[in-house]
Each structure stands twice: as structure tokens, then as C-alpha cells.
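Peer 1: Here you go, one structure.
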Amino acid sequence: MSLHLRYMSAADVKPVVAIDHQAFDLPWTPESYLYEVRESTHTYMVVLDFEQEQAPLLPWWRRLLGLHNGHHAHHDIAGYGGLWKIQSEAHISTIATHPDYRGRGWGEILLASMVRRAIFLEASYVILEVRVSNTVAQNLYTKYGFVTRRVVEKYYRNNNEDAYEMELLLTPQAIEEFEARFAALLARHPFVDDYTTTPHPRSQRYLA
Ligand SMILES: CC(C)(COP(=O)(O)OP(=O)(O)OC[C@H]1O[C@@H](n2cnc3c(N)ncnc32)[C@H](O)[C@@H]1OP(=O)(O)O)[C@@H](O)C(=O)NCCC(=O)NCCS
């Protein structure tokens, strides 16, 4: 099995929206994702893809699928996230892993990767909002040094739940500590990283 971290594309929106509906009471619409991926100039959406080798296929299945050898690979989106960068602020707009793939360290990869993207975009701090009842996500953020800045009352419109606004200041010392933690994470869960230091495809369009 191999993990691949990369920018979200329009082709990913359908599976991402399917996970979104399982992960959130207030999921985003497909149009919102398409806007973030195609139009917004300050958004850095990410997906974590994994590829699994499948068992060898019988010869007649191989012929039917047009494959030349006995193995084929299965791709799936394990999770995704969204980051906005406006001036010195980086804002994590969303993060979720597929319910079947939670507890494997993959949510941590997504969070750490967005923090690293923010560092390479030269943000001074990262903020996010989280439901006061969502202790799983709060644990993840606290593990990476986020602290609660304030309570935003009735932030979530489905049930008027309050949010904690959490912040990670990107001081030189925090960045140094983060980089050590990121290297350890990469050693624990090797993944191909085409996101944290890779320019957004939209910038390459302008260079071409
Ligand atoms: C929050 C979420 C992304 C975490 O993803 P995940 O892949 O399960 O998390 P990981 O396996 O990478 O765990 C990372 C850390 O999260 C915390 N965590 C994960 N599962 C937890 C659980 N069941 N109970 C308590 N803390 C938990 C821990 O701090 C954990 O670190 P540890 O393994 O060193 O204890 C995932 O639960 C999710 O998609 N939730 C629904 C969407 C959501 O709430 N998003 C956040 C919006 S603000």
C-alpha cells in the first residue's frame, strides 16, 4: 500500500463530497469544492490518496480489463483538507478522513501537511474552528501545538453549537519543532509528498 499527498483536482470532488457527507453535519456542496479547486486564488486543497495492490486476476478478467499482467492497483481517497492563505494568516477550512480509515495516523498527515504548506507560504500563524464537542479533532490540533484563542458563540448553524477558534503561532522555534515532528511522521508513515512544498498547479499555468 502506498500513500500519496497531492492537490485536490475537480475529478476528486465527487469522492470528497461523499466523505464530507459522512464526516460533517453541514457538508459543503460540490459547487463549493469546485470553486475552491478551480477559481479561488488563495486556496490550497489537499487529498491523501492511497493505492493498494489487488490480488492477481484470472486471465479472462485480465483480458476484459485490458491488463497485461496479473496485478492491478486500487486507488482511493483516504481524506482531504482545505487551507486558505490570506496575507499572514493561514486558515484550515476543513479536514476529514474517511470513516473506514480513521485511527491510522492519516488525519495527522493531513493536518501536518497543511501546517507545512502554510510555513512554506510564509504564514505567521494558522487558525481553525472546531466544535466544542469535537474532542477527537481538538486532540489532534493540541498534539500539534494549537491553543484555544477564543470561543465563537453559536458558530454552527445546524444546532447553534459554539466553536473554539484555535491557533498555532509559526515562530522560528515552533517551525523548528514542527519540522522535527514532520520528519518523524514521514518516517512512521512514508508518503509521496506533492503538496507541502509544491507550487499550486494554478501558478504553473501562469509560468507555462
Ligand atoms: C478529526 C479526524 C480528521 C482525525 O483523523 P484520524 O485519521 O482518525 O486521526 P489520526 O489517526 O491521524 O489521529 C491523530 C490524532 O487525533 C486524535 N485522535 C484520533 N482518534 C481519536 C479518538 N478516537 N479519540 C481521541 N483522540 C483521537 C489523537 O490526538 C491522535 O493522535 P495519537 O494517535 O497520537 O493519539 C477524523 O476523526 C475525522 O475525519 N473526523 C470527522 C470530521 C471532523 O471532525 N473534522 C474536524 C473538523 S474541525
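The values are calculated or read from the model by the stated rules, or taken from the named source; none is laboratory data. Nothing here was measured: the structure is a model prediction, and the numbers come from that model. Every residue, glycine among them, receives a Cβ derived from its backbone with ideal geometry; neighbour counts consider all protein chains shown. The accessibility values were calculated without ligands, DNA or RNA, using every heavy atom of the protein model including side chains. Shrake-Rupley method; radii C 1.70, N 1.55, O 1.52, S 1.80 Å.
Peer 1: Contact order normalised by length for the chain, with contacts defined as Cα pairs under 8 Å and 6 or more residues apart; what percent is it?
Peer 2: That works out to 20 percent.
Peer 1: Among Val16, Val37, what's the order by accessible area (1.4 angstrom probe), most exposed first?
Peer 2: Val37, Val16
Peer 1: Next question, about the same structure. Karplus couplings for the stretch 80-88 from phi (6.51 cos²θ - 1.76 cosθ + 1.60, θ = phi - 60°), rounded to Hz, Gly and Pro as x?
Peer 2: Coupling constants for the stretch 80-88: 7, x, x, 9, 10, 10, 10, 6, 8 Hz.
Peer 1: Can you give the angle from 0 to 90° between the axis of helix 13-23 and the longest principal axis of the chain, with both taken from C-alpha atoms, to the nearest 10?
Peer 2: It works out to around 60 degrees.
Peer 1: At 1.4 Å probe size, with no ligands or nucleic acids counted, give the accessible surface of Ser88 in Å², nearest ten.
Peer 2: Here the residue's solvent-accessible area equals roughly 50 Å².
Peer 1: Here is a follow-up. Between Lys14 and Leu26, how many nm apart are label points set 7 Å from Cα along the C-beta direction?
Peer 2: 2.9 nm
Peer 1: Okay, next question. Work out how much length Thr171 to Leu34 would gain on full extension: take 0.36 nm times their residue separation and subtract the Cα-Cα distance, in nm to one decimal.
Peer 2: Gain on stretching Thr171 to Leu34: 46.0 nm.
Peer 1: Using a 1.4 angstrom probe on heavy atoms only, work out the carbon and sulfur share of the accessible area of the stretch 110-208 in %.
Peer 2: Of all accessible area on the stretch 110-208, carbon and sulfur atoms account for 53 percent.
Peer 1: How much accessible surface does Lys154 have with a 1.4 Å probe, in Å² rounded to 10?
Peer 2: Approximately 130 Å² of Lys154 is accessible to the 1.4 Å probe.
Peer 1: Can you list which of the GluC sites (Glu not before Pro) found in the stretch 111-208 are DSSP loop residues with at most 14 other C-beta atoms within 10 Å?
Peer 2: Hits after loop and neighbour filter: Glu122.
Peer 1: Just read off the accessible area of Trp106 with the full protein assembly in place, 1.4 Å probe, to the nearest 10 Å².
Peer 2: Counting only protein heavy atoms, the figure is 10 Å².
Peer 1: Collect residues whose amide H, placed 1.01 Å from N in the peptide plane, falls under 5 Å from the amide H of His200; neighbours closer than 5 in sequence don't count.
Peer 2: none
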